[in-house]
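**Q** My structure is below; once you've seen it, I'll send some questions.
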Amino acid sequence: MPGTSKVDWMHMFEEQESSNLSISQYCKLHGISDKAFYNARSRYKKTVETPSLVAVEVNDDVGSANTGCISFKLNGMSFEFDESAPDNDIQRIIKICLAL
């Protein structure tokens, strides 16, 4: 799919993996050729699968009021989530940021 960004592909890989669909079924449903999906996966996916260490700065201000938020910095980017945010959503965002 010409013009599809790396972030879009990473989202599609994650979506396909979490679905109960085979790659062929997913591609047919979304109008993507199997070849394009496999080519993009071989190009972009390996960057996520390679283990790496990442500096994460977590703010734990004991003296401040509990805001009900989880906040941290990852590779210079600041994130803030409501403490009720599902772990898998936070993990997906972190994976995408690491792939950028």
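What follows is calculated from the coordinates using simple rules that are stated; it is not laboratory data. Note that this is a predicted model, so its numbers are computed, not measured. Every residue, glycine as well, gets a Cβ built from its backbone with ideal geometry; the counts of neighbours run over all protein chains shown.
**Q** Taking the Cβ of GLY68 as the centre, find all other residues whose Cβ is under 12 Å away and add up their charges (Lys, Arg: +1; Asp, Glu: -1). It would help to have the intermediate numbers written out before the result.
**A** Numbers: positive: none; negative: GLU80, ASP82, GLU83.
Taking every Cβ under 12 Å from that of GLY68, the sum is -3.
**Q** Between LYS28 and ALA85, how many nm apart are label points set 7 Å from Cα along the C-beta direction?
**A** Calculated label separation equals 3.7 nm.
**Q** Using only the Cα atoms of the range 1-45, what do you get for the radius of gyration and for Dmax, in Å?
**A** 9.5, 27
**Q** Sorting CYS97, CYS27, CYS69 on the 10 Å Cβ count, fewest up front, what's the list?
**A** CYS69, CYS97, CYS27
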